[in-house]
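Report on the following structure.
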Amino acid sequence: MIVGMPHAPEIIVIDDPAELADVAARAIVDAALEAVKARGRFMISLAGGGTPRTTYERLAQSPLREKMPWAQTWIFFGDERGVAPEHKDSNFAMANTALISKVPVPREQVFRIRGEDGDPEAAATTYARTITEVFGVRRGELPKFDMILLGLGVDGHTASLFPGSPALKEVFRQVAAVHAAAAMIPQRFTLTFPVINAAGTVMFLAAGAEKAKVVKAVLGEPSSTLPAAMARPTEGRLVWLLDRGAASLLNVAKSR
Ligand code: 6PG
């Protein structure tokens, strides 16, 4: 079980990406069992990109597949690209292939962002409303995800919150439609920091030496203004799972 201190990031350095996936998948199961025991359900937001794929695959395989309380698990997405759900660059498509299509999570408990809809603002509003309804919170009240998984881009973005984006300053909208000019697919949708920072646990997964510089910029600089550094749960835990390559410029001991 991950035991962290609110506000202080818990940095866990793991030998290699394969082991990182194992540790991340087990942490998700631990969080799920804890949430179900405490509140009867597990509300998780999945990260996109490439890094989490192997973690999702581990969750779909024995023994973790059998340990996860799928019937009490609700799956959301931290961000999505402006593409159809079967598009090769869709975050939903990646998670569906690696995990959702392989496990008995009730399909009515999986909520993707409709990135393909013609009206991005309406798609973002609809997703925010869906979150509000499923969490059973009042309009404007923050949903408290049990776990939000996040990745880290080499420019310091996380989810689809990119450097310089107006969405970084969003205090009301819980889901934003953003135009990320630097991204391969500029039309993006993302949870905003009020929601991210209301989570019980925010867990970053970052692997590869190409992430070392940005990891140091985010974790090694207390005053970092990079988007990923803005993920600071108000009361929850902040966990960074790094492989040796991504942590190579940080002066932290290897954890495993
Ligand atoms: C996305 C992700 C994004 C991702 C980072 C890291 O939609 O692209 O949400 O924030 O996590 O870009 O991506 P990799 O894991 O592929 O390096």
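The values are calculated or read from the model by the stated rules, or taken from the named source; none is laboratory data. The structure displayed is predicted, hence computed values, not measured ones. Glycine gets a Cβ as well: all are built from the backbone with ideal geometry, and neighbour counts include every protein chain shown. Just so you know, the surface numbers come from the protein's heavy atoms only, side chains and all, with ligands and any DNA or RNA stripped out. Shrake-Rupley method; radii C 1.70, N 1.55, O 1.52, S 1.80 Å.
See the values below:
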{"read-out": "Accessible area, probe 1.4 Å, largest first, for residues His87, His179, His157", "value": "His179, His87, His157"}
{"read-out": "Antiparallel bridges, percent of DSSP beta bridges restricted to the range 25-243 (to nearest 5)", "value": "35"}
{"read-out": "GNM result for the chain, Cα springs below 10 Å: residue of Ser224, Ser45, Ser90 fluctuating most strongly", "value": "Ser224"}
{"read-out": "Net charge contributed by nearby residues that have their C-beta within less than 14 Å of Arg237 (K/R +1, D/E -1)", "value": "-3"}
{"read-out": "Prolate/oblate/rounded call for the chain, Cα gyration tensor, a/c under 1.5 rounded", "value": "rounded"}
{"read-out": "Label-point separation, Lys213 to Ala253 (7 Å along Cα→Cβ), nm", "value": "3.1"}
{"read-out": "Ranked by how many other beta carbons lie within 10 Å on average, peptides 144-151, 161-168 from highest", "value": "144-151, 161-168"}
{"read-out": "Dipole magnitude of the chain, debye to nearest 20 (Cβ charges: Lys/Arg +1, Asp/Glu -1, about Cα centre)", "value": "360"}
{"read-out": "Sparse-neighbour loop sites [GluC sites (Glu not before Pro); the range 51-96; at most 13 other C-beta within 10 Å; DSSP]", "value": "Glu86"}
{"read-out": "Where the chain is the region considered: accessible area per residue in Å², 1.4 Å probe", "value": "44"}
{"read-out": "The range 3-96: trypsin sites (Lys or Arg not before Pro) in DSSP loop, at most 16 other beta carbons within 10 Å", "value": "Lys88"}
{"read-out": "Solvent-accessible area, 1.4 Å probe, carbon plus sulfur percent, for the range 105-256", "value": "55"}
{"read-out": "Label-point separation, Asp22 to Ala38 (7 Å along Cα→Cβ), nm", "value": "2.7"}
{"read-out": "Span-rule helices in the chain, defined as complete DSSP H runs reaching 30 Å or more along the axis (Cα) with Kyte mean at least 0.5", "value": "17-39"}
{"read-out": "Cβ-placed point charges (K, R +1; D, E -1), dipole of the range 1-107 about Cα centre in debye, nearest 20", "value": "500"}
